[in-house]
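S.K.: Right, I'll just put the structure down here and ask away after.
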Amino acid sequence: MKLITALIIVFSLSSAPAVSELTEADVNKIRLIIKEEVETTIAKSEARTKEYIEASEARTKEYISQEIAKVNTTISEMDKRLTSEIGSLDKRLTGEIRSLDKQLNGLFMLVLALVVFIAVVIGVPQILVALQRKEVRTQDEKIEAQQKQIEALQKEMEIYRQEGT
């Protein structure tokens, strides 16, 4: 270790210090070199960034495509399930509608029978009463006519009695 330290001190002392000045041309060359290095570094960085972005876009597109495929699969499964449920619901409702139709037809016939029954119960006695009234009227008319005949005959008999006396 001492040997290494001694060698470093010897070499440091033996090197000649640089005593020079940079000219304007030297500074321009240094600037040009630095500019080229910076541009190269920027170009490489831009290329790497572009590659990274393109790779990221590709991964994103792939991920989105997979997610869309999953969603489409889910939608397709739901569509199948809903289609079958709608079909079974349609069959069930069709059966229930037919049952209700039969019940409504039965109720309609019952209401119709009740209307006819009420018409018969109310109408027949009314018709009988009307016929009896007509018969009574006819009899009353006959009685009146006979009474008029009787009165006429009585008047004639009185006339005959008065003439005969």
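The values are calculated or read from the model by the stated rules, or taken from the named source; none is laboratory data. Computed from a predicted model, the values in this text were never measured in an experiment. FYI the Cβ positions are ideal-geometry reconstructions off the backbone, even for glycines, and counts take in every protein chain you see.
S.K.: What about LEU93, is it at pLDDT 95 or above and either loosely packed, with under 10 Cβ neighbours inside 10 Å or assigned to a helix (DSSP H, G or I) (or both)?
M.R.: no
S.K.: Just give me the residues in the range 22-79 being surrounded by fewer than 10 Cβ atoms within 10 Å (Cβ to Cβ), part of a helix (DSSP H, G or I) and not charged (D, E, K, R), in sequence order.
M.R.: ALA25, the sole residue that qualifies.
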